[in-house]
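Asks: I'd like to ask some things about the structure below.
The values are calculated or read from the model by the stated rules, or taken from the named source; none is laboratory data. Fair warning: this is a prediction, and the values are worked out from it, not measured in the lab. Here Cβ is always computed from backbone atoms with ideal geometry, including for glycine, and neighbour counts include all displayed protein chains. The accessibility values were calculated without ligands, DNA or RNA, using every heavy atom of the protein model including side chains. Shrake-Rupley method; radii C 1.70, N 1.55, O 1.52, S 1.80 Å.
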Amino acid sequence: DAKTTQPTSMDCAEGRAANLPCNHSTISGNEYVYWYRQIHSQGPQYIIHGLKNNETNEMASLIITEDRKSSTLILPHATLRDTAVYYCIVRVLGFGNEKLTFGTGTRLTIIP
Amino acid sequence: DAGITQSPRHKVTETGTPVTLRCHQTENHRYMYWYRQDPGHGLRLIHYSYGVKDTDKGEVSDGYSVSRSKTEDFLLTLESATSSQTSVYFCAISEPGTSGSLYNEQFFGPGTRLTVL
């Protein structure tokens, strides 16, 4: 699986959009971009994933650049409960290849 | 939340003793995983299972063994615990997509905090 690079930490004001970047310059054509988050002391929580098109769900939006070498996770209206460590992961999907490789992620702090 | 429980949630033990952690799911998912989380390392995969009695090693499997005798339970055993195995252990489950779908997020349990003195 390709390696990802994320900023160590970020702050965002409550109510504003939080934009979390991720670089994955060595991503291959069959690798998906996944985002998880981990709120203090809890297990990681799936947020969203995508291949090359932008994706949106009830939690967030995922913007993937055209060359797929980077992506941005957008939390449109951040709340204090969004304070967490956010992990960007790239991986191949397929039967028998389900492993996730977590880096150290971005610690996002929402400021009241 | 997905139906995943881990037991015990906290355990303190001494070096050299055997320890077994249990992960139980009610989702009937095929895949189950054990991760450990340590400061500065994120989560690292220890072992995983892709079906009953089918398991494979992850990136940090030394000193650990696993067993899966039924779909709902995945056991992680430390045969002789060491201080380096002090960590938070997370279990996860997933189900491969059906009908050609590759959508298969992993759901994580609440974690077990293990301290080896």
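Asks: Check whether at least one residue in the stretch A:65-81 is open to solvent by 50 Å² or more (accessible area, probe 1.4 Å) and part of a strand (DSSP E or B), and report yes or no.
Replies: The answer is no, given that none of the residues of the stretch A:65-81 is open to solvent by 50 Å² or more (accessible area, probe 1.4 Å) and part of a strand (DSSP E or B).
Asks: Has the stretch B:1-22 got any residue that is within 14 Å of chain A (Cβ to nearest Cβ), among the hydroxyl-bearing types (Ser, Thr, Tyr), closer than 22 Å to residue B:105 by Cβ and surrounded by fewer than 17 Cβ atoms within 10 Å (Cβ to Cβ)?
Replies: Within the stretch B:1-22 (the criterion being within 14 Å of chain A (Cβ to nearest Cβ), among the hydroxyl-bearing types (Ser, Thr, Tyr), closer than 22 Å to residue B:105 by Cβ and surrounded by fewer than 17 Cβ atoms within 10 Å (Cβ to Cβ)), the answer is yes, since at least one residue qualifies.
Asks: Report whether or not residue A:46 is open to solvent by less than 50 Å² (accessible area, probe 1.4 Å), touching a strand residue (DSSP E or B) at 6+ places or on another chain (Cβ under 8 Å) and under 19 Å from residue A:5 (Cβ atoms).
Replies: no
Asks: When the residues of the stretch A:19-54 are filtered to those that are among the small types (Gly, Ala, Ser) and part of a loop (DSSP other than H, G, I, E, B), which remaining residue is farthest from the other protein chains (Cβ to nearest Cβ)?
Replies: A:25
Asks: While we're looking at this one, here's another question. For the stretch B:8-30, which residues satisfy the criterion of being more than 17 Å from residue B:69 (Cα to Cα) and either polar (S, T, N, Q) or assigned to a loop (DSSP other than H, G, I, E, B) (or both)?
Replies: Within the stretch B:8-30, B:8, B:9, B:13, B:14, B:15, B:16, B:17, B:18 qualify.
Asks: Kindly establish whether residue B:61 is under 27 Å from residue A:6 (Cβ atoms), among the small types (Gly, Ala, Ser) and either surrounded by fewer than 19 Cβ atoms within 10 Å (Cβ to Cβ) or more than 14 Å from chain A (Cβ to nearest Cβ) (or both).
Replies: yes
Asks: Go through (1) at pLDDT 90 or above; (2) within 12 Å of the chain's Cα centre (by Cα) for residue B:11 and report which single condition fails.
Replies: (2)
Asks: Checking residue A:108 against (1) away from chain B (no Cβ under 12 Å); (2) open to solvent by 50 Å² or more (accessible area, probe 1.4 Å); (3) more than 11 Å from the chain's Cα centre (by Cα): exactly one of these is not met. Which one?
Replies: (2)
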